[in-house]
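This report concerns only the one structure given below.
Every read-out reported here was derived from the displayed coordinates using simple, explicitly stated rules and does not represent laboratory data. This structure is a prediction, so every number in the text was calculated from the model and none was measured. Cβ placement follows ideal geometry from the backbone for every residue including glycine, while neighbour counts extend to all protein chains displayed.
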Amino acid sequence: MNSQLTTTNATIRDDTPTLNPTLPSPSTIFMEEESSSTTGHFSAPSTVTPKPTLRCADVASISFEPTPPLQGQPKASTAPRDQDLTGTLLNAAGCRLQLTGVIGQGGFGKVYSAKEVANPGLAIFQPPREFAVKTMAKSSSPKHVQLQAEEAAVHRHVSDHSNIVTLYEMCEDETYLFFIMEMLKDGDLHAWIREEETEEATLKSIMLQLIDALDYCHQSDLYHRDLKPANILLSRVGSEVKAHLADFGLATRKVVGREICGTPRYMGPEVYNSMTHGGEIDYTSSDVWSLGMVFCEMLTKTSLWDAAHGTDAKFEAFSEDPDYLYRYTHVSQQSNTMLTQMLEVDPELRITLPELKKLVQNTDVFFKPSGSELTLPPLASSVLLEEETMSQTATFRQITVQGNALK
């Protein structure tokens with residue numbers, strides 16, 4: 001399923017939604033190199049625990065049977081990306097799915113819930129299995145078609161990890177691509193950060209799960225490049241919370257490159273430096289930075305800055321004070337050590353994922369004692385996640401327009 005990734009110049013791609021989008025999140029940016037990457041082959045890690053899931057039999061031979069919308073659904077528009085496919089049947093020799101409703105949407109298309117339905121002569125599981133189906137209108141550009149196929153290839157390659165959303169198959173008809181994935185009904189980390197007051201043991205567990213999932217991707221020669229809370233889905237089994245990496249639309253098999261991509265708030269300073277001054281980006285280190293920003297939001301429930309660049313005064317204050325997070329937030333000294341090593345401005349000095357795993361495992365206290373007083377930051381207070389808006393998109397575009405004016 002390996003495929004050659006070809007790119008085009010300065011494409012801006014809208015943010016991919018989560019399956020349970022309760023809050024807006026900043027837009028994702030993808031500015032591609034005007035060149036083709038080399039064809040490569042994945043190298044899998046030596047060991048992985050298989051995910052105990054039921055696979056949709058023979059989905060690779062799927063065919064499509066459009067049906068009238070279900071009762072109460074609005075009439076579909078003629079534009080492929082806007083068309084409501086609710087009620088569509090996806091047929092295969094051993095599996096038949098019906099799209100039952102839209103559960104997310106964005107610039108790429110829509111995500112639907114889907115339920116297995118009876119196929120003449122074949123029994124189905126009881127209760128019927130449910131899936132999430134991401135739909136994308138086929139691009140008329142051969143290069144973009146290649147990118148769409150690449151997304152499926154890279155995601156499928158790491159789907160066997162228990163903390164990565166399973167992609168069972170990618171299939172197509174004349175108009176659409178259909179990504180058939182596991183259904184996760186407990187929302188995303190973005191909403192969880194806003195709504196949950198969580199015990200330290202649960203925070204630690206989620207952090208270790210995400211480190212393992214990302215490290216598995218890197219060992220598989222795959223780099224996510226758009227890590228953020230909205231791209232991490234959750235599932236609950238009793239009191240246990242499991243985290244699952246999702247959305248591999250910007251993932252790459254190249255460990256270094258010049259592509260400017262990601263969500264501005266979670267992009268490392270080296271990405272901005274590459275944008276303005278050139279130079280290659282180490283995507284291993286930039287993924288660690290993005291994960292550090294995720295951990296920051298998990299622990300502080302705030303967005304500390306809008307962009308890791310000298311034009312952002314809050315980021316500048318952080319980069320000049322190694323105790324900034326400890327001084328101005330509720331995180332413990334141990335947490336401050338962990339976060340500052342993840343958010344090391346120099347990517348060559350940034351902590352590695354194996355080192356980070358040991359550090360988190362040895363962290364016992366993530367917060368200061370209850371009632372500890374905080375020093376007021378010398379700058380305007382951080383934007384609370386509850387007040388998050390789409391303004392970050394405009395901020396990023398303003399930065400790119402200034403171009404060489406950035407230092």
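Any chance you could run the full-extension gain for ASN119 through GLU197? It's 0.36 nm times the residue separation minus the Cα-Cα distance, nm to one decimal.
Once the chain is fully extended between ASN119 and GLU197, it gains 23.6 nm.
Hey, can you rank 317-329, 216-228 by average C-beta count inside 10 Å, highest first?
Numbers: 317-329: 17.5, 216-228: 23.2.
Most protected by this proxy first, the peptides run 216-228, 317-329.
Among 179-185, 152-158, 330-336, how do they line up from the highest to the lowest mean number of other beta-carbon atoms within 10 Å? Write out the running numbers ahead of the final one.
Details: 179-185: 20.9, 152-158: 22.4, 330-336: 19.1.
Highest mean packing first, the order is 152-158, 179-185, 330-336.
Return the lysines within reach of LYS301: Cα separation strictly under 18 angstrom, same-chain partners fewer than 8 residues apart disregarded; answer none if there are no such residues.
Result set, ordered by chain and number: LYS204, LYS228, LYS314, LYS368.
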